[in-house]
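Engineer: Attaching a single structure in structure tokens format; questions to follow.
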Amino acid sequence: MASGDALEKKMVDKQSSEKTSIHVPNPHLEKMKEDVLYHFALGTGTHDLPALFGDVKFVCVGGSPSRMKAFITYIAEELEIGSPGSDYPNICAGTDRYAMYKAGPVLSVSHGMGIPSIAIMLHELIKLLYHSKCANVTIVRIGTSGGIGLEPGSVVITKQSVDAAFKPQFEQVILGKSVFRNTDLDEQLAEDLMECSKEIDEFSTVIGNTMCTLDFYEGQARLDGAICSYTEEEKQQYLKAAFKAGVRNIEMESSVFAAMCNLSGIKGAVVCVTLLNRLEGDQITTPHDVLNEYQKRPQKLVGHLIKKHLVKK
Ligand code: R2B
Ligand code: URA
């Protein structure tokens, strides 16, 4: 794991001088002698978490382990951490649930697909940051999505994550009862990312609402799943209503991500590239090399943001 110490000496953290700690709204935690972060294969009794992670300032999360490894390699090169061609080992090598990579003050973690998968990862990530005594942490989800009314390859920075009825809320069922949580994302961070996109000036970026669904097929009004009970017209009507409600893209993790960032007092952003325009089709037929280039766009945007915040003396 690359140490952030040398880098920290070289770099100035331009984030707020006020210290914002991680909040864990769970009174039971402090009574536990040890906390096992089971899906990370890490724990307070087995690892010196403050020594390993205490310097983390930026966490980037995304669906696939290989994309998150590519991101850490990219950001390490951008920040000139380690030698070119360095390999970044998977910190969670003791499990195959999630993969985690670190380069200086940047942590990169995979979260799999869908709300349950990212939620489990975020519970353990937030506790890891808390146990590590991290402060002033920013988390960004970088990912892929289906666009609505946008040129494929456009990037959407989420303003609010909305549910399938376009409501800005995340429903968590607790002890059998529905609890609705706020899904606003940090406005200033979204603006900062938009500014980064203007500075990079390589692809189109918008700030808009993101619809978070429980399914890729029927949940996103696709006609090409194994099961479908609606017409092309009904699909078009629904997607156009989503557009009218401010929705610019559809993915599957942003609502719980936003809700958990809000509850733990962590600044969060969601930056997703659109792989297709859903008003024009359902299947992703774009060639792989083009898709690969699209997937690098959120990485570039977030890399630019991180570089701007961690400036060399
Ligand atoms: C975007 O892409 C995945 C589905 O293909 C899902 O994780 C998401 O949010
Ligand atoms: N990810 C989604 O969730 N939907 C899409 O259409 C593309 C990527």
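Just so it is clear, none of the values below were taken in a lab; they were calculated from the coordinates. None of these values were measured; they are calculated from a predicted model. Heads up, the Cβs are rebuilt from the backbone with ideal geometry, glycines too, and the neighbour counts pull from every protein chain shown.
Engineer: Would you mind checking the tilt of helix 232-244 against the longest principal axis of the Cα atoms of the chain, expressed as 0 to 90 degrees and rounded to 10?
Structural biologist: 50
Engineer: Could you derive backbone 3J(HN,Hα) for segment 282-298 from the dihedral phi with the Karplus parameters 6.51, -1.76 and 1.60 (θ = phi - 60°), listing whole Hz in sequence and x where the residue is Gly or Pro?
Structural biologist: 10, 7, 9, 10, 4, x, 4, 5, 5, 4, 4, 5, 4, 5, 7, 5, x
Engineer: Pulled fully out, how much extra length does the chain show between Asp215 and Thr286, if you take 0.36 nm times their separation in residues and subtract their Cα-Cα distance? Write down the numbers at each step before the final one.
Structural biologist: On the way: separation 71, 0.36 × 71 = 25.56 nm, distance 2.13 nm.
Taking 0.36 nm per residue and subtracting the Cα distance, the gain is 23.4 nm.
Engineer: Expected output is a single nm value to one decimal: the length gained when fully extending between Tyr38 and Lys240, i.e. 0.36 nm times separation in residues minus the C-alpha distance. What is it? Kindly include the intermediate steps, with their values, before the conclusion.
Structural biologist: Working: separation 202, 0.36 × 202 = 72.72 nm, distance 4.23 nm.
Gain in length upon complete extension: 68.5 nm.
Engineer: In whole Å, what three semi-axes, largest first, describe the equivalent ellipsoid of the chain built from its Cα gyration tensor (square root of 5 times each eigenvalue)? All intermediate terms of the calculation are to be shown ahead of the outcome.
Structural biologist: Values: eigenvalues 201, 108, 63 Å².
For the chain, the semi-axes come out at 32, 23, 18 Å.
Engineer: Would you mind counting up the charge near His39? Only other residues with Cβ under 9 Å from its Cβ, with Lys and Arg at +1 and Asp and Glu at -1. It would help to have the intermediate numbers written out before the result.
Structural biologist: Values: positive: Arg97; negative: Glu124.
Within the 9 Å Cβ shell, the charges total 0.
Engineer: For Tyr130, what is the net charge nearby, where nearby means another residue's Cβ is under 12 Å from its Cβ and Lys, Arg count +1, Asp, Glu -1?
Structural biologist: On the way: positive: Lys127, Lys133; negative: Glu30, Asp35, Glu124.
Neighbourhood net charge equals -1.
Engineer: Additional query: Return one number: the angle in degrees, 0 to 90 and rounded to the nearest 10, between the long axis of the Cα atoms of helix 115-131 and the longest principal axis of the Cα atoms of the chain.
Structural biologist: Compared with the principal axis, the helix lies near 20 degrees.
Engineer: Using θ = phi - 60° and the Karplus curve 6.51 cos²θ - 1.76 cosθ + 1.60, what whole-Hz ³J(HN,Hα) does each residue of segment 190-206 get, with Gly and Pro shown as x?
Structural biologist: 4, 5, 4, 5, 5, 4, 4, 4, 5, 5, 5, 6, 10, 8, 7, 9, 10
Engineer: Would you mind listing how long segment 195-256 runs along its three principal axes, going by Cα atoms, in whole Å with the largest first?
Structural biologist: Principal axes ranked by extent give 45, 24, 20 Å for the Cα atoms.
Engineer: Give me the one-decimal nm value for the distance between modelled label points at Asp184 and Ile200, 7 Å along each residue's Cα-to-Cβ direction.
Structural biologist: Reported label-point gap for Asp184 and Ile200 is 2.7 nm.
Engineer: Would you kindly give the portion of the calculated P(r) for segment 151-222 that falls above 21 Å, as a percent of all Cα pairs?
Structural biologist: Working: 1056 of 2556 pairs.
In whole percent, the long-distance tail amounts to 41.
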